[in-house]
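Trainee: Sharing a structure, written as structure tokens. Questions coming.
The values are calculated or read from the model by the stated rules, or taken from the named source; none is laboratory data. Worth saying up front: this structure is predicted, and the values here are computed from it rather than measured. When we count neighbours, we look across all protein chains shown, and the Cβ atoms used for this are built from the backbone with ideal geometry, even at glycine. Ligands, DNA and RNA are excluded from the accessible area calculation, which covers all protein heavy atoms including side chains. Shrake-Rupley method; radii C 1.70, N 1.55, O 1.52, S 1.80 Å.
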Amino acid sequence: MKESSKNTFFGGAATLAAGIIIVKLIGALYKIPLGRILGDVGFGHFNNAYSVFNLLLMVSTAGLPVAMSKTISEANALGKRNQVNRVFRVCLVTFVILGTVTTAIMLFGAQGLANLQGDSMAAPAIRAMALTAFFLCTVSAYRGFAQGHSDMVPTAVSQVIEAVAKLVVGLILAWYLLRLGFGSEIAAAGAIGGVAAGSAVSLVYLMVRHHRRNRPAKALSDDRPQAVGSILKTLLVIAVPITLSSSVVPITTYIDTIQVQNLLQSALAYSEEMAVSLYGSYQKAVAIYNLPSSFMVSLTACIVPAVSAALTTKDQVGAGKVAESALRVGAMLAIPAGVGLAVLSGPVIQLLFPETNQEVSSACMLILGIASIFVCIMLLCNAILQANGRAALPIWFIAIGSVLKLLVNFFLVQQPAFGIKGAPIGTLICFALVAVLELAAIRRVTPHPPKYSRVFVKPLIASLAMGAAVWVAYSFAARFMGNTLSCGIAILAGVVVYGILVILLKVVNRDDLSLMPKGDKIAKLLRIQ
């Protein structure tokens, strides 16, 4: 890979990737104390409202911002300012309409949606989330406009602003409402009020920035914009497939919340409160399990343009090298993270959520730790397949995996021996299958597929050795000190052992590290060739 190409393709995604990573980390910081403030039942109400919101928002906004940015980028490249402005106005009106409809559904259908999930007390939280849908739909129009001009700063900054406001306002509201004596369902609604506040502040920032920086410019004489109907048709052709592919996971997640909580009540005769409490315990493990995948963002953002550029110049060998390097770096990060979460599942849950149902959350975390490895691999494979023009394959694979997850849930959750623990098993089986199918597809459809032995064997060996070191270090430390210090010592031991093994086994090379921020400097420091 040429240095200039790497700078062009990898550097262009750095701002947005960094912003997303920061947002993910803030999100984790938000959910950990929030879970402790709300308790298992309140956290269950919160996540039930969030699953409704994610589904409706994904259907409303998944594909349109991408279609908008692509259409604006094409018109902008030709200097057609009138076309750019009309596309923006059409999209803004469309987003406002979608946001209004989504808000109305959540506001007026809150009780029905909550009852459907087997959590009638989640209705206040769903209503509190309603305005967020309107704000974020409108936000999508401004982000799409900026991205169409290859300006990722507004998106990154607005996401960070949104996350910080959510963190501060949400936690304060949840804590204060509980202190005033309100129930967990009202406190969950207060926490979601922080999400609404964050999206509102983000919208204000984007509107002010947009109107300050986008003054009317002189258009070309032949800049006659397309009719509104023609623009909408163009946008929908691009947006609908993206929306369909992006909606599979939130649809599955929403069905999962309905299925699991209702099965616990109907098959195992749990009360509604007990079912929601168990679901809240499970979701605390999910909050930690989502962390490793956030670090795949920068890699996936780099893969598509880099592979696409190599294929455009008919450099199939270069495209294969980028894919292999991305998978190897991803494996180097994902496998130890998943193994570490599984080995320290109990201690980590006890450290972060001491008030939760330890037996349930720890068992779920053990399974989800392993599942997180396959999620990371799946995300990287998705990007490789998309870059090779096979964007439809991940949609089918994820749909197949999602159906299998729901079937596993159905059979396991209603068994007393499994109960809520059947849900993470379904998640593990789902993403393991999807990852294997996508790896097999990459081998078949790409001219120079990655060598999987070079990708996975060394990171796996190093990670297993690290896992053993972590277990030994924690077991020894726990004899003499508390859980917090023991966790810290075990994690430090794992980092040291894994770092040494990465260098000794030559897990990655200089080209691999070039995919990471400051990768060349890291390679030079560690003398990696």
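Trainee: Express in nm, to one decimal, how much length is gained between PHE411 and ASN509 on full extension, taking 0.36 nm for each residue of separation and deducting their alpha carbon distance.
Mentor: Between PHE411 and ASN509, full extension yields an extra 30.8 nm.
Trainee: Please compute the per residue accessible area over segment 384-453 with all protein chains in place, 1.4 Å probe, rounded to a whole number of Å².
Mentor: 46
Trainee: So which DSSP H runs in the chain come out at 27 Å plus along the axis (Cα) with average Kyte-Doolittle of at least 0.5?
Mentor: Taking the DSSP H segments of the chain (at least 27 Å long, mean hydropathy at least 0.5), we get 14-61, 81-108, 123-148, 153-179, 184-213, 228-266, 316-343, 358-387, 392-413, 422-445, 452-477, 483-504.
Trainee: Considering the options ALA334, GLY280, ASN357, tell which one lies farthest towards the positive end of the dipole of the chain, charges being +1 on Lys and Arg and -1 on Asp and Glu at the Cβ, about the Cα centre.
Mentor: Positive-most Cα among the choices belongs to ALA334.
Trainee: If you line up the Cα atoms of the chain on their principal axes, what length do they span on each, largest first, in Å?
Mentor: So the three principal-axis extents are 77, 60, 38 Å.
Trainee: What Kirkwood radius, in Å to one decimal, follows from the Cα pairs of segment 250-329?
Mentor: One decimal place: 16.0 Å for the Kirkwood radius.
Trainee: Here's another thing I want to ask about it. Nearest 0.05, what FRET efficiency do ARG89 and VAL436 give at R0 = 51 Å with Cβ-Cβ as r?
Mentor: After rounding, the FRET efficiency stands at 0.65.
Trainee: Now a separate question. Would you mind getting me the FRET efficiency between VAL96 and ILE21? Use the beta-carbon distance for r and R0 = 22 Å, nearest 0.05.
Mentor: 0.15
Trainee: So what is the relative contact order for the chain, in percent, with contacts set as C-alpha pairs under 8 Å and at least six apart?
Mentor: Taking the mean separation of contacting Cα pairs over the length of the chain, I get 18 percent.
Trainee: Once you have the Cα-Cα distance between ARG479 and ARG454, take 0.36 nm times their residue separation minus that, and quote the gain in nm to one decimal.
Mentor: 5.1 nm
Trainee: What size of dipole, in debye to the nearest 20, comes out for segment 20-119 about its Cα centre when the only charges are +1 on Lys and Arg C-beta atoms and -1 on Asp and Glu C-beta atoms?
Mentor: Taking the Cα centre of segment 20-119 as origin, the dipole is about 520 debye.
Trainee: Return the calculated 222 nm mean residue ellipticity for the chain, to the nearest 500 deg cm²/dmol, obtained by summing -39500 (n - 2.57) across DSSP H runs with n ≥ 4 and dividing by the residue count.
Mentor: The per-residue figure over the chain is -28500 deg cm²/dmol.
Trainee: Place a +1 charge on the Cβ of each Lys and Arg in the chain and a -1 charge on the Cβ of each Asp and Glu, then give the dipole magnitude about the Cα centre in debye, rounded to the nearest 20.
Mentor: The calculation lands at about 1780 debye.
Trainee: Here are some pairs, LYS451/LYS506; LYS70/LYS166; LYS31/LYS421; LYS24/LYS451; LYS314/LYS458; which of them have Cα atoms lying more than 19 Å apart in this structure?
Mentor: Over 19 Å apart, Cα to Cα: LYS70/LYS166; LYS31/LYS421; LYS24/LYS451; LYS314/LYS458.
Trainee: I would also like to ask the following. Of the peptides 167-173, 452-458, 65-71, 188-194, how do they stack up when ordered by the mean number of other Cβ atoms within 10 Å, highest first?
Mentor: 188-194, 65-71, 167-173, 452-458
Trainee: Segment 308-350 to segment 489-507: how many Å between their Cα centroids?
Mentor: Comparing the Cα centres of segment 308-350 and segment 489-507, I get a distance of 17 Å.
Trainee: Rounded, prolate or oblate: which one fits segment 230-297, using the alpha carbon gyration tensor with axes a ≥ b ≥ c (rounded when a/c is under 1.5, else prolate when a/b beats b/c, else oblate)?
Mentor: Cα axes put segment 230-297 in the oblate bin.
Trainee: Mind ordering 122-130, 345-353 by average Cβ neighbours within 10 Å, highest first?
Mentor: Top to bottom by mean Cβ count within 10 Å: 122-130, 345-353.
Trainee: Take peptides 437-449, 324-336 and line them up by average Cβ neighbours within 10 Å, highest first, as a rough protection proxy.
Mentor: Sorting 437-449, 324-336 by mean packing, highest first, produces 324-336, 437-449.
Trainee: Placing +1 on the Cβ of each Lys and Arg and -1 on the Cβ of each Asp and Glu in segment 304-414, which of GLN414, LEU385, ILE400 has its Cα farthest towards the positive end of the resulting dipole?
Mentor: So the residue we want is LEU385.
Trainee: Run the accessible area of segment 345-437 with a 1.4 Å probe and give the carbon-and-sulfur part as a rounded percent.
Mentor: Solvent-exposed carbon and sulfur of segment 345-437 make up 75 percent of the total.
Trainee: Take the Cβ-Cβ distance between ALA391 and SER266 as r, set R0 to 45 Å, and report the resulting FRET efficiency rounded to the nearest 0.05.
Mentor: Plugging the Cβ-Cβ distance into 1/(1 + (r/R0)^6) gives 0.70.
Trainee: Now, a different point. Report the label-to-label distance for ARG179 and ARG443 in nanometres (one decimal), using points 7 Å from each Cα along the Cα→Cβ vector.
Mentor: The modelled label-to-label distance comes out at 5.9 nm.
Trainee: Still on this structure, I have one more. Could you check how much of the accessible area of segment 240-299 is carbon and sulfur, as a whole percent, using a 1.4 Å probe?
Mentor: Ligands and nucleic acids excluded, carbon and sulfur reach 65 percent.
Trainee: Let's see if you can work this out: charge +1 on each Lys and Arg Cβ, -1 on each Asp and Glu Cβ, no other charges. What is the dipole magnitude of segment 364-490 about its Cα centre, in debye to the nearest 20?
Mentor: Roughly 280 debye, rounded to the nearest 20.
Trainee: Computing the accessible area with a 1.4 Å probe over protein heavy atoms, can you report the carbon and sulfur percentage for segment 111-166?
Mentor: 67
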